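A short write-up of the structure that comes next.
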Amino acid sequence: MGASSECYDVVIAGGGTAGLALACALADALETARITVVDRAPLSRQGAAKEALTEPRAFALSAGAKRMLTVLGAWPSLAAHAQPVTAVDITDSSLEDAFRPVLVTYDNTVDGAEPATYIVEQGRLREALLAAAAERATIGLIGGARAVGFKCHEHGVSIELVGRDGHTCLRAALLVAADGRQSPLRAAAGIGVVRWRYPQSGITTTVGLEQPHAGRATQHFLPSGPFAILPLPGDKASITWTEDEERARAILALDDAGFLAEVAKRFGYRLGAITLAGPRASWQLDMHLARALIAERFALVGDAAHGVHPIAGQGLNLGLRDVAALAEVIADAARLGLDIGSVAVLERYERWRRLDSALSAAAFDALNRLFSNDWTPLRSARDFGLGLVERMPGLKRLFVAEAAGLAGDVPRLLRGKPA
Ligand SMILES: Cc1cc2nc3c(=O)[nH]c(=O)nc-3n(C[C@H](O)[C@H](O)[C@H](O)COP(=O)(O)OP(=O)(O)OC[C@H]3O[C@@H](n4cnc5c(N)ncnc54)[C@H](O)[C@@H]3O)c2cc1C
């Protein structure tokens, strides 16, 4: 390691949504603390804007996540680009059916009139969080450097970075890994993962609509996986489409006209003709759960801690729940004068988040198995179940509160209060 060894209170490896949100939350909670975010990619707004042009993913952000982004000051610049989802339609009709009946439809609001979810493009979200982080004087941003390992000492942790200028070292009381699903630091900590791959790929793209969507989202369950239509501002929609791996490869290899025809076949024609309004991309889908969320002076958040099937659009929301819980645990410990990197403090975070992440991953896995299936007896039972849900407004309200991220032991930030 190099000789330079700068000292911080918290070093966050990974400047994705989870890492940047955590930096903002901690900067507000620990007013004079020095926090730094390190990312292998450049951490600039221009970089985020460029990434937005090639990254077609859009997220269904929960009402809780929106409340948190409001407290962190990222929501005002994001609001104009966020589409509230007013209602959700669920169907599992065959693509050959001339008429596609909606099996379940529900009003997507909580607490009177607050939308339970908002659709936001990934690039816009990252740009807003980068701007919020850059505005806070106690946050340092180091782009273009990889965190490759760390060592604990009695009163701190040394983090090894590799960048254009070779190896450098940072010191901190706590290191948080927000470095995504492959998480090099999780591996460096010796924390294993339970992981399985789905034989499915996630395809995303953006389409332009002839007729207004009125804020309605659609989840169309098809035998090879769900096809989700997520409304975006300006008569556009984001498509998140799970497809059998081999067929996904063939579809992605088509020219624009062929690709659009495949999208249109699944989209249907109730909003008139559709056009391609953005690039396409695909992801290999897996489920993974870290075997532990903490070690000495070390914690995992976001996809570094867990990855779930996108069937319910909850991966990032779970990561933001980690962020809110960890920020609260650290803020409470600092108020009591405790060592924020000690295992005794971090254990509260692990207890709080571990069960919820595991249960969510299992639930989304089960949903995928139940719905990505065309076995007739199962399909009949499933349609019967959905028919019952359609007749039970109380149950629908429960599902909406869950999607809004406002059920269970909700951290302060997700309730719209400072950590
Ligand atoms: C097809 C698809 C659709 C989805 N839809 C939704 C949805 O609708 N709603 C939802 O809530 N979630 C959704 N998700 C999940 C969501 O995309 C992820 O949960 C979320 O992006 C994870 O954010 P993160 O900040 O934890 O990790 P990432 O976004 O992966 O960020 C990790 C960061 O760490 C950096 N990094 C990596 N290694 C290092 C290193 N060694 N040193 C320094 N930096 C490093 C990377 O450059 C990156 O910036 C979807 C996922 C897929 C695949």
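The values are calculated or read from the model by the stated rules, or taken from the named source; none is laboratory data. Predicted model only: the values in this text are computed from it and were never measured. Positions of Cβ are backbone-derived with ideal geometry, glycine not excepted, and every protein chain shown enters the neighbour counts. To get the accessible areas, we keep the full protein, side chains included, count just its heavy atoms, and leave off ligands, DNA and RNA. Shrake-Rupley method; radii C 1.70, N 1.55, O 1.52, S 1.80 Å.
Brief remarks follow.
- Every residue from region 40-91 that is of a type in the set (A, V, I, L, M), within 16 Å of the ligand (Cβ to nearest atom) and closer than 15 Å to Ala403 by Cβ: Ala60, Leu61, Ala63, Ala65, Val85, Val88, Ile90
- Residue satisfying condition, being basic (Lys, Arg), open to solvent by less than 20 Å² (accessible area, probe 1.4 Å) and under 26 Å from Asn368 (Cα atoms), within set Arg247, Arg266: Arg266
- Here Ile294 meets each of (1) within 14 Å of the ligand (Cβ to nearest atom); (2) open to solvent by less than 40 Å² (accessible area, probe 1.4 Å) with one exception, condition (1).
- Within region 148-172, considering residues that are without any contact (Cβ under 8 Å) to a residue 24 or more places away in the chain and assigned to a strand (DSSP E or B), the one farthest from Val343 (Cα to Cα): Gly163
- Summed over region 173-217, the residues that are within 11 Å of the ligand (Cβ to nearest atom), of a type in the set (Lys, Arg) and outside any loop (DSSP other than H, G, I, E, B) give a count of 1.
- Filter pass, Ala137 being away from the ligand (no atom under 13 Å from the Cβ), free of Cβ contacts under 8 Å to residues at least 40 places away in the same chain and either on the phi < 0 side of the Ramachandran plot or part of a strand (DSSP E or B) (or both): yes
- Filtered by the rule that a residue be hydrophobic (A, V, I, L, M, F, W, C) and within 9 Å of the ligand (Cβ to nearest atom), region 143-172 gives Ala145, Ala147, Val148, Leu161, Val162.
- Residue check, Ile119 among the β-branched types (Val, Ile, Thr), open to solvent by less than 50 Å² (accessible area, probe 1.4 Å) and either within 30 Å of Pro223 (Cβ to Cβ) or within 13 Å of the ligand (Cβ to nearest atom) (or both): yes
- Selected residue (criterion: modelled with the highest pLDDT) from residues of region 44-71 that are hydroxyl-bearing (Ser, Thr, Tyr) and open to solvent by 10 Å² or more (accessible area, probe 1.4 Å): Thr70
- Residues that are open to solvent by 50 Å² or more (accessible area, probe 1.4 Å), over 30 Å from Arg270 (Cβ atoms) and among the small types (Gly, Ala, Ser) occur in region 129-151; there is at least one.
- Selection within region 315-341: residues that are open to solvent by 30 Å² or more (accessible area, probe 1.4 Å) and outside any helix (DSSP H, G or I). The member of this set that is nearest to the ligand (Cβ to nearest atom) is Asp339.
- Figure legend. Inter-residue proximity from region 16-36: first residues under 11 Å from Ile330 (Cβ atoms), second residues part of a helix (DSSP H, G or I) and within 13 Å of the ligand (Cβ to nearest atom), beta-carbon distance below 6 Å, spacing 6+ or different chains. Indicated pairs: Leu22/Val323; Ile35/Ala23.
- Test: residue in region 187-198 that is closer than 28 Å to Asp322 by Cα, of a type in the set (Val, Ile, Thr) and open to solvent by less than 50 Å² (accessible area, probe 1.4 Å): yes
- Qualifying residue in region 92-105 (condition: within 13 Å of the ligand (Cβ to nearest atom), buried (at least 20 other Cβ atoms within 10 Å of the Cβ), touching a residue at least 12 places away in the same chain (Cβ under 8 Å) and not in a strand (DSSP E or B)): no
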